[in-house]
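Below: one structure, written as structure tokens.
The values are calculated or read from the model by the stated rules, or taken from the named source; none is laboratory data. Being a predicted model, the structure only gives us computed values, none of them experimental. So basically every Cβ, Gly included, is an ideal-geometry build from the backbone, and we count neighbours across all protein chains shown.
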Amino acid sequence: MRFLRSRPATLATIFAGAMASAGPAAALDKVVFGTNWVAEAEHGGYYQAVADGTYAACGLDVEIRPGGPQVNNRALLVAGKIDFSMGGNMLGAFFAKTEGIPLKVVAAHFQKEPQVLMSHPGEGLDTWESLKDAPLFIGDLGFATYFQWMITEYGFTADRRKPYTFNPAPFIADKRSAQQGYVTSEPYAVRNEGGFEPNVFLLADYGFSAYSTTVEVMEEMIADHPDRVQCFVDGSAIGWTNYLHGDPSAGNALIQSHNPEMTGGQIAFSIAQLKKYGIVDSGDAQTLGIGAMTDARQEDFYNKMVKAGVVEPGLDFRSAYTLKFVNKGVGLDVRRRLLGR
């Protein structure tokens, strides 16, 4: 990152002159964005957009409200207590539609689901196919969702699954086992606690085509305040561009103020993994802008989940999202300046 000659303009600097020449600044619209976990680098683009003024430049005063084990920000969204909620992949929005909940996904900031399986190197578990023969430590949610896809698409069997309690010790102790994880997190824990670099198999690379780290809003917000939604989507795209390709220090400082237990080492590892595996900035995002979604990709994932028995057939899955606010190329000019191409 030190090769940058100077920090390029963001929305904040672009609008600064206009705001200064326009007289007294207009009051910002206060909104609350609830994340799905404690503050971490996987939320870095949002923290960056708050810290460097990108959201403020288009009219929003964004409060990020971290999630965690005892927090259900989607329930708070439905109850009208927060304005935007960070989803996981599209399954949550599909399930909301089956329950008649009027929410929509307005952006998908991870082009790839970060879910992985890990195995010990040099133990005969160095390929995706070989994992079928291993005990697999997988949690209940994973077993009910992506593992059903693994059964349908690749012939994995339920009898190989062992419950995962979010403690890597059993996996570290059993060299012939495999374990679920996030590409940005668990491999780092295994390295530190087990003293080895695990094999990493990103489910997205084997056809699990889910978008992830989505932004969910209620349909009422879209109808009544589309400008707020557009600002949040655009600001997040630029925030993620600056966080990944520019200087992330402002975002990182805000993350650590919200989560003092988050170490610099973990943050650096997570950012490196986001880049290495193209979690945020790959595929359609490189031509349509970060947060991109397409109907074809949504249909592909929906059909796979129907085939796996995870989602019911006949669902109007397109009503779970809207393309109104994405695919406009926002942030691509910032990306070109940062990368020098």
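Please enumerate the residues belonging to segment 306-341 that are in contact with a Phe, Trp or Tyr (Cβ under 7 Å, 6 or more places away or on another chain), assigned to a helix (DSSP H, G or I) and aliphatic (A, V, I, L, M).
320
What about residue 257, is it under 19 Å from residue 97 (Cα atoms) and among the polar types (S, T, N, Q)?
The answer is no for residue 257.
Restrict the check to segment 66-73 and report whether at least one residue is in the same structural domain as residue 101 (by TED's automatic domain parsing) and surrounded by 22 or more Cβ atoms within 10 Å (Cβ to Cβ).
Filtering segment 66-73 down to residues in the same structural domain as residue 101 (by TED's automatic domain parsing) leaves 66-73.
Narrowing further to those that are surrounded by 22 or more Cβ atoms within 10 Å (Cβ to Cβ): 73.
Yes.
Please specify each residue of segment 238-256 satisfying the condition of being under 17 Å from the mean Cα position of the chain (by Cα), farther than 22 Å from residue 327 by Cβ and among the hydrophobic types (A, V, I, L, M, F, W, C).
Selection gives 255 alone.
Looking only at segment 84-121, how many residues end up being under 20 Å from residue 174 (Cβ atoms) and in contact with a Lys or Arg (Cβ under 9 Å, 6 or more places away or on another chain)?
Of the residues in segment 84-121, 2 are under 20 Å from residue 174 (Cβ atoms) and in contact with a Lys or Arg (Cβ under 9 Å, 6 or more places away or on another chain).
Considering only helices (runs of 4 or more DSSP H) fully contained in segment 110-202, which possess at least 1 residues that are of a type outside the set (Ser, Thr, Tyr) and under 22 Å from the mean Cα position of the chain (by Cα)?
Numbers: elements: 140-144, 146-154, 169-173, 186-194.
In segment 110-202, the matching helices (runs of 4 or more DSSP H) lie at 140-144, 146-154, 186-194.
Quick one: how many residues across segment 301-327 are charged (D, E, K, R) and either crowded, with 17+ Cβ neighbours inside 10 Å or within 26 Å of residue 155 (Cβ to Cβ) (or both)? Talk me through it step by step, then tell me what you get.
Our first condition is that a residue be charged (D, E, K, R); within segment 301-327, this holds for 304, 307, 312, 316, 318, 324.
Those still in the list that are either crowded, with 17+ Cβ neighbours inside 10 Å or within 26 Å of residue 155 (Cβ to Cβ) (or both) too: 304, 307, 312.
Result for segment 301-327: 3.
Identify, please: which residue in segment 257-299 is under 19 Å from the mean Cα position of the chain (by Cα) and more than 28 Å from residue 231 (Cβ to Cβ) and is, among those, surrounded by the most Cβ atoms within 10 Å (Cβ to Cβ)?
273
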